[in-house]
Amino acid sequence: MTLTPAPVQLDKGIFIVSLDFELIWGTLDLPSHRRFLSLCRIERDEVVGRLLDLFAEFNLGATWCTVGHLFLDRCGGGCGRRHPELVRSSAWDAIRLDRDPGTSEQHAPVFYARKLVEQIRDCRVPQEIGSHSFSHVLFGDSACSRATAESELEAAVAAAKPLGLELRSFAFPRNRIGHTGLLKNYGFTSYRSQDDLWYEKTTSRRWFHRAGHLADVLIARAPRTGLPAWDPNGIWAIPSSMLYTPSYGIRKLIPVRLRVARARKGLRAAVRERRIFHLWLHPTDLVECKDAMLTGLRRILETAAEMRAAGDLEALTMGELVERLPGVQAVEPAAVPREVA
């Protein structure tokens, strides 16, 4: 006997917005991490608040998949081995963790963000706070052991509790999916699955993968919509549809209107097909050209609001969607007919 949910059928299109909220933790394992410091400071000081204002204005709850370390306002006394409770699987784990200054939110605001998390939690339009691991470990990396993944999940859940948060939704760092069988053991009910595109299904992005993504943005190719899939490890996989392409580097030359045009195509497809259009982003992605990028996001939310008002679309968090999905049922294996003598 196996456990499986009933087939998913949606009454109308669904719009989901999820964010990978990580500040500096998303780049600490990269040689170029220092160039993100200024972006993260602006993200913290300006962008998160403006995003919350935007979501409140359009009565939209988003899912903020948050690196667990950001739930803290301090850790350690500035000396010794950082986070001994975490199991390190690679040299990069040690490098990333040892770059934590071990001080406080006041002195190292891009490493800690309890005040920001409280601001998100207390938004007048309820937001969902999910998990993006504790320290941005790549779960799908071959070096990431089961013990490492477990220690990350345990630390993230523990850090959320003092804030009164129960984490239910998960986004894998850099979309490197792995150890999905551990998630339900820590209370998670869903994770964001990888974009179903050839240039995303890789463990090592090279120039031609980036070129493929860039081409889709430049021609405003319609994103794919999807339906939740049941992971045999006992958790829902909620498909992603489109990254709201970052504005830093060469990508700031891409007109924001092309990002908006793609998203609007995704919303129309979700309504037409009664499927999910799942837009995701990092708040850091909005820092360069932030006024234009936030205006573009406003245009997307305006279109979604019009569809909601017409009764054709519903906006949900990842957690809210799971609450609508069919329950898990026990399914008997198919009977094998007897041979007739």
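Structure values in brief
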{"quantity": "Residue 35 versus residue 252: modelled label distance in nm, points set 7 Å from Cα along the beta carbon direction", "calculated": "1.1"}
{"quantity": "Probe 1.4 Å, all protein chains present, accessible-area order of 224, 88, largest first", "calculated": "224, 88"}
{"quantity": "Cα gyration tensor, the range 102-149 - rounded (a/c under 1.5), prolate or oblate", "calculated": "oblate"}
{"quantity": "Accessible area (Å², per residue) of the chain, counting only protein heavy atoms and a probe of 1.4 Å", "calculated": "46"}
{"quantity": "Ordering of 279-291, 241-253 by packing [mean C-beta count within 10 Å, highest first]", "calculated": "279-291, 241-253"}
{"quantity": "Relative compactness, the chain, computed as alpha-carbon Rg over 2.2 N^0.38 Å", "calculated": "1.01"}
{"quantity": "Exceeding the 30 Å Cα-Cα cut-off - candidates 12/115; 115/290; 161/265; 12/184", "calculated": "12/115; 161/265"}
{"quantity": "Computed over the chain: relative contact order in percent, which uses C-alpha pairs under 8 Å that are six or more apart", "calculated": "28"}
{"quantity": "Contour minus Cα-Cα distance for residue 59 and residue 184 (0.36 nm per residue)", "calculated": "42.0 nm"}
{"quantity": "Carbon and sulfur %, accessible surface of the chain computed with the full protein complex present, 1.4 Å", "calculated": "51"}
{"quantity": "Cα radius of gyration and Dmax for the range 1-135 (Å)", "calculated": "17.7, 55"}
{"quantity": "Spin-label model distance (nm) - residue 312 vs residue 99, 7 Å beyond Cα toward Cβ", "calculated": "4.5"}
{"quantity": "Projected label distance in nm at residue 8 and residue 85, using a 7 Å step from Cα toward the beta-carbon", "calculated": "3.2"}
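The values are calculated or read from the model by the stated rules, or taken from the named source; none is laboratory data. Since the model is a prediction, treat every value here as computed from it, not as a measurement. Positions of Cβ are generated from backbone atoms using ideal geometry, with glycine treated the same way; all protein chains shown enter the neighbour counts. Side chains included, ligands, DNA and RNA excluded: accessible areas come from the protein's heavy atoms. Shrake-Rupley method; radii C 1.70, N 1.55, O 1.52, S 1.80 Å.
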